[in-house]
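Below: the structure, in structure tokens.
The values are calculated or read from the model by the stated rules, or taken from the named source; none is laboratory data. Given the structure is predicted, the values throughout are model-derived calculations rather than measurements. Methodologically, a virtual Cβ is constructed for each residue, glycine included, from the backbone with ideal geometry; neighbour enumeration extends over all protein chains shown. Each accessible area value is taken on the protein alone, full model and side chains, heavy atoms only, with ligands, DNA and RNA left out. Shrake-Rupley method; radii C 1.70, N 1.55, O 1.52, S 1.80 Å.
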Amino acid sequence: MKKLLLVCIAGLLCLLALVGGGYQKLSKTIEVPNPVLFEVVAGDTLTAVTKRLHRQDLVQNPQLLTIYARLFGKTNIKRGEYSFSKAVSDKQVLELMLAGSVVSRSVTFIEGMTFKEAVETLKLKSELIHVLTDKPLTEIASEINIGDRFYEGLLFPDTYQYTKGMTDLSVLKIAYKAMQRILEEEWQARGDNLPYKTAYEALIMASIVEKETGAVFERAQIAGVFVRRLQKNMRLQTDPTVIYGLGDSYKGNLRRRHLREPTPYNTYTIKGLPPTPIALPGREAIHAALHPKPGASLYFVAKGDGTHYFSSTLVEHNKAVKKYQLQRKSNYRSAPLSMAKEPTLTHTE
């Protein structure tokens, strides 16, 4: 019995030595001079993964790593794409895959872009699975579960993270849910005496504000102009709505005849808001539409430096148009001319 006990102890010590030596091997780091991408796909076995890792010089002891993983119940590696860009050990590689620390990429929907442009942006992301290719926008909207509403303006412009293997549809669904949440938050905190019956009408206004100026500090002031015009039963007369209504026929030069062309979005010919948003508004534009700046101004014109001149009378506005639009300088830059009565427009034929 004593001899058997000694043999068992010796064997245990040897096993511990072997395990300790193996653990040291698995803990030894190797340099990865340049970032290396490695993907675990559906159906991959642990053995297959460790062998591929070895072929790409990312692990040194694939068989030992497999035994270690099975011995300690560490076989539930996650599918996805991994990036290795520094000194790593076999054990660290395994731990990263167990944690699912996959590569995260991003796509940005910019404030003021359209639903169509957002879909086109996703097409450029090759890591996504494209299930929406060649589908009409109405069908895409249906798959997002937008419902009966027109799809425009219902995605929140922001930067969204995604991983390889996600679908373009899943990103759109995330952006749609984000817009629903943010619009509801802003609607619940809205100001008083607004001319909107629903949050959707506020979203329409926000999209117009978004397209009219890139200057954040002007948005509430511009929203105030539009709100007062609605309250006075005046036409909005804003060029971005006309351009949206022209669709693909618009070639970059808004002419006087376009302002007389009847479309549901031509706010020179219709009263009130257009039927839908015309772009994706950001949170600042939504907030401005629901908290318009008080005042007396009913008109504004681009000054040529990216900001606008606001007027409370048509006489004052016409003078501003003459100063800032009819006598443009070579370095002129602005948002589209808006809020002008037809006789004072500067569009060319």
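Give me the residue from region 220-260 that is of a type in the set (K, R) and open to solvent by 20 Å² or more (accessible area, probe 1.4 Å) and, out of that set, farthest from G304 (Cα to Cα).
Within region 220-260, the subset of a type in the set (K, R) is 228-229, 232, 235, 251, 255-257, 260.
Next, only the ones that are open to solvent by 20 Å² or more (accessible area, probe 1.4 Å) stay: 228, 232, 235, 251, 255-257, 260.
On the way: R228: 25, K232: 29, R235: 24, K251: 22, R255: 19, R256: 20, R257: 24, R260: 26 Å.
Here the answer is K232.
Exactly one condition in (1) in contact with a helix residue (DSSP H, G or I) (Cβ under 8 Å, 6 or more places away or on another chain); (2) at pLDDT below 95 is not met by L172; state its number.
(2)
Pairs needed: first member in region 177-191, within 16 Å of G153 (Cα to Cα); second member anywhere, open to solvent by less than 80 Å² (accessible area, probe 1.4 Å) and aromatic (F, W, Y); C-beta distance under 7 Å; at least 6 residues apart or different chains.
As it stands, the answer is A178/F156; M179/F156; I182/F156, since those pairs meet every condition given.
Can you name the residue in region 28-40 that is of a type in the set (A, V, I, L, M) and part of a strand (DSSP E or B) and is also farthest from the chain's Cα centre (by Cα) among such residues? Reasoning before the result, please.
In the first step, residues of region 28-40 are kept if they are of a type in the set (A, V, I, L, M); the result is 30, 32, 36-37, 40.
Okay, now just the ones that are also part of a strand (DSSP E or B), so 30, 36-37, 40.
On the way: I30: 38, V36: 27, L37: 25, V40: 27 Å.
Looking at residues that are of a type in the set (A, V, I, L, M) and part of a strand (DSSP E or B), I get I30.
Run T133 past the list (1) open to solvent by 60 Å² or more (accessible area, probe 1.4 Å); (2) modelled with pLDDT of 90 or more; (3) not aromatic (F, W, Y) and report the number of the one that doesn't hold.
Answer for T133: the failing condition is (2).
Within region 226-234, identify whether any single residue is of a type in the set (A, V, I, L, M) and more than 17 Å from I270 (Cα to Cα), and answer yes or no. If you could, list the steps in order and put the result at the bottom.
Taking region 226-234 first, the residues of a type in the set (A, V, I, L, M) are 227, 230, 234.
Within this subset, residues satisfying the condition of being more than 17 Å from I270 (Cα to Cα) are none.
No; the residues of region 226-234 include none that is of a type in the set (A, V, I, L, M) and more than 17 Å from I270 (Cα to Cα).
Taking the residues in region 46-97 that are of a type in the set (D, E) and assigned to a helix (DSSP H, G or I) as candidates, determine which candidate is surrounded by the fewest Cβ atoms within 10 Å (Cβ to Cβ). Spell out how you get there, then give the answer.
First, the residues of region 46-97 that are of a type in the set (D, E): 57, 81, 90, 95.
Checking which are assigned to a helix (DSSP H, G or I) leaves us with 90, 95.
Values: D90: 25, E95: 14.
In this case the residue turns out to be E95.
Of all residues being closer than 17 Å to P281 by Cβ and of a type in the set (D, E) in region 138-185, which is surrounded by the most Cβ atoms within 10 Å (Cβ to Cβ)? Just the residue, please.
Only one residue fits best here, namely E152.
Is there a residue being open to solvent by less than 20 Å² (accessible area, probe 1.4 Å), β-branched (V, I, T) and either in contact with a Gly (Cβ under 7 Å, 6 or more places away or on another chain) or part of a loop (DSSP other than H, G, I, E, B) (or both) anywhere in region 265-276?
yes
If G43 passes every condition in (1) in contact (Cβ under 8 Å) with a residue 12 or more places away in the chain; (2) part of a loop (DSSP other than H, G, I, E, B) but one, which one does it miss?
Tallying (1) in contact (Cβ under 8 Å) with a residue 12 or more places away in the chain; (2) part of a loop (DSSP other than H, G, I, E, B), G43 fails exactly one: (1).
Is it fair to say P292 is touching a Gly at 6+ places or on another chain (Cβ under 7 Å), open to solvent by less than 50 Å² (accessible area, probe 1.4 Å) and not basic (K, R)? Please lay out each step first, then the result.
On the way: touching a Gly at 6+ places or on another chain (Cβ under 7 Å): yes; open to solvent by less than 50 Å² (accessible area, probe 1.4 Å): yes; not basic (K, R): yes.
Answer is yes for this residue.
Please pick out the residue among V171, V131 that is of a type in the set (V, I, T), closer than 30 Å to V40 by Cβ and in a helix (DSSP H, G or I).
Working: V131 fails: in a helix (DSSP H, G or I).
One residue alone meets the criteria, V171.
Would it be correct to say that R229 is in a helix (DSSP H, G or I), basic (K, R) and at pLDDT 95 or above? Don't jump to the end; show me each part of the working.
Working: in a helix (DSSP H, G or I): yes; basic (K, R): yes; at pLDDT 95 or above: yes.
Judged against the criteria, R229 is a match.
Taking into account only those residues within region 111-128 that are part of a helix (DSSP H, G or I) and in contact (Cβ under 8 Å) with a residue 24 or more places away in the chain, which is farthest from F38 (Cα to Cα)?
Looking only at region 111-128, we keep the residues that are part of a helix (DSSP H, G or I), and these are 115-123.
Restricting the remaining residues to those that are in contact (Cβ under 8 Å) with a residue 24 or more places away in the chain gives 115, 118-119, 122-123.
On the way: F115: 34, A118: 29, V119: 28, L122: 23, K123: 23 Å.
Selected residue: F115.
Tell me, which residue of region 186-203 that is among the polar types (S, T, N, Q) and part of a loop (DSSP other than H, G, I, E, B) is most open to solvent (accessible area, probe 1.4 Å)?
N193
Could you tell me which residue of region 57-110 is farthest from T29 (Cα to Cα), considering only residues that are among the small types (G, A, S) and touching a residue at least 60 places away in the same chain (Cβ under 8 Å)?
If we filter region 57-110 for residues that are among the small types (G, A, S), which is where we start, we get 69, 73, 80, 83, 85, 87, 89, 99-101, 104, 106.
If we keep only those that are touching a residue at least 60 places away in the same chain (Cβ under 8 Å) as well, we get 80, 89.
Details: G80: 23, S89: 4 Å.
Out of the qualifying residues, it is G80.
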